[in-house]
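Scroll down for the structure; my scribbles are underneath it.
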Amino acid sequence: MIAALIIDMQNAFFENPDLAAQQDELVAACNDLIDVVEEAGGKVLLVKTEHERDKSTWTLSMLDDDQGFIFRGTKQADFLPGLRTEGLPCLAKTRDSAFMGTDLLLRLRNWGVDQIILGGVSTHNCIAQTAADAFADNIRVAYAREAIGSEDQEAAAAVLSILSKGYRQAVLTPPQVKELLRKRL
């Protein structure tokens, strides 16, 4: 079974001008990925970052700066307008990896998922950390090229090169995603 994880497509991340410039294209590409995976019989999981105001979920950099980010229930934590979310399950995380401190692995195992296709932001942070942890759990990873974005294109290209070569994680175009789903589902 294959599942698509749509990671951090939230207002807060698109406050960055470099991501804001990619917003419309990324929302459309993530929606296309959701549609293609569901039509093929795969699973889709929306993944979002949310923190508590009491500092209990803050990262080291947030604690060092004494400044929180993406508080639960705020507009920053909301998914982007236009992103298809209705009826889709959602997972909240507090770290870059969607596996760290969550029940993601249990959900994937319950669904019988052995491969994930990643979409969302940011390629060099949350996407990469989730992909590395999936590899550690023997879950195959592919990246939906059109559905991933980053505010740092150089870092994104470097990390994708490392993960695609070292972990054999494919970076796929939309037709290649469809072909993978056709073969696997």
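Kindly check whether there is at least one residue in region 18-39 that is touching a residue at least 24 places away in the same chain (Cβ under 8 Å) and part of a strand (DSSP E or B).
No, that holds for no residue.
So, in region 40-62, exactly how many residues are part of a helix (DSSP H, G or I) and not hydroxyl-bearing (S, T, Y)?
The total comes to 2.
Look through R107, R140, R168, R84 and report the one residue that is touching a residue at least 60 places away in the same chain (Cβ under 8 Å), among the basic types (K, R) and out of contact with any Ser or Thr (no Cβ under 9 Å at 6 or more places or on another chain).
R107
Looking only at region 132-159, count every residue that is closer than 17 Å to M1 by Cα and either buried (at least 22 other Cβ atoms within 10 Å of the Cβ) or not polar (S, T, N, Q) (or both) and tell me the total.
Qualifying residue count, region 132-159: 9.
Let's see how each residue does on (1) within 20 Å of D103 (Cβ to Cβ); (2) open to solvent by 40 Å² or more (accessible area, probe 1.4 Å); (3) aliphatic (A, V, I, L, M):
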| residue | (1), (2), (3) |
| --- | --- |
| I6 | yes, no, yes |
| N11 | no, no, no |
| E15 | no, yes, no |
| D18 | no, yes, no |
| I34 | no, no, yes |
| T57 | yes, no, no |
| S61 | no, yes, no |
| D65 | no, yes, no |
| G68 | no, no, no |
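Taking the stated definitions as given, is A156 in contact with a helix residue (DSSP H, G or I) (Cβ under 8 Å, 6 or more places away or on another chain), assigned to a helix (DSSP H, G or I), over 22 Å from Q23 (Cβ atoms) and without any contact (Cβ under 8 Å) to a residue 40 or more places away in the chain?
no
I need the full set of residues from region 1-56 which are more than 17 Å from L88 (Cα to Cα), among the polar types (S, T, N, Q) and in contact with a strand residue (DSSP E or B) (Cβ under 7 Å, 6 or more places away or on another chain), in order please.
Scanning region 1-56 gives a single hit, Q22.
Can you name the condition, by its number, that G120 falls short on among (1) over 21 Å from D24 (Cβ atoms); (2) surrounded by 15 or more Cβ atoms within 10 Å (Cβ to Cβ); (3) within 12 Å of the chain's Cα centre (by Cα)?
Among (1) over 21 Å from D24 (Cβ atoms); (2) surrounded by 15 or more Cβ atoms within 10 Å (Cβ to Cβ); (3) within 12 Å of the chain's Cα centre (by Cα), G120 violates only (1).
Go through region 69-100 and give me each residue that's more than 16 Å from C126 (Cα to Cα) and hydroxyl-bearing (S, T, Y).
The answer is T74, T85.
The values are calculated or read from the model by the stated rules, or taken from the named source; none is laboratory data. Predicted, not measured: the structure shown is a model, and the values here were computed from it. Here the Cβ is made from the backbone with ideal geometry for all residues, glycine too, and neighbour counts use every protein chain on show. Side chains are part of the model used for accessible areas, which takes the heavy atoms of the whole protein and leaves out ligands, DNA and RNA. Shrake-Rupley method; radii C 1.70, N 1.55, O 1.52, S 1.80 Å.
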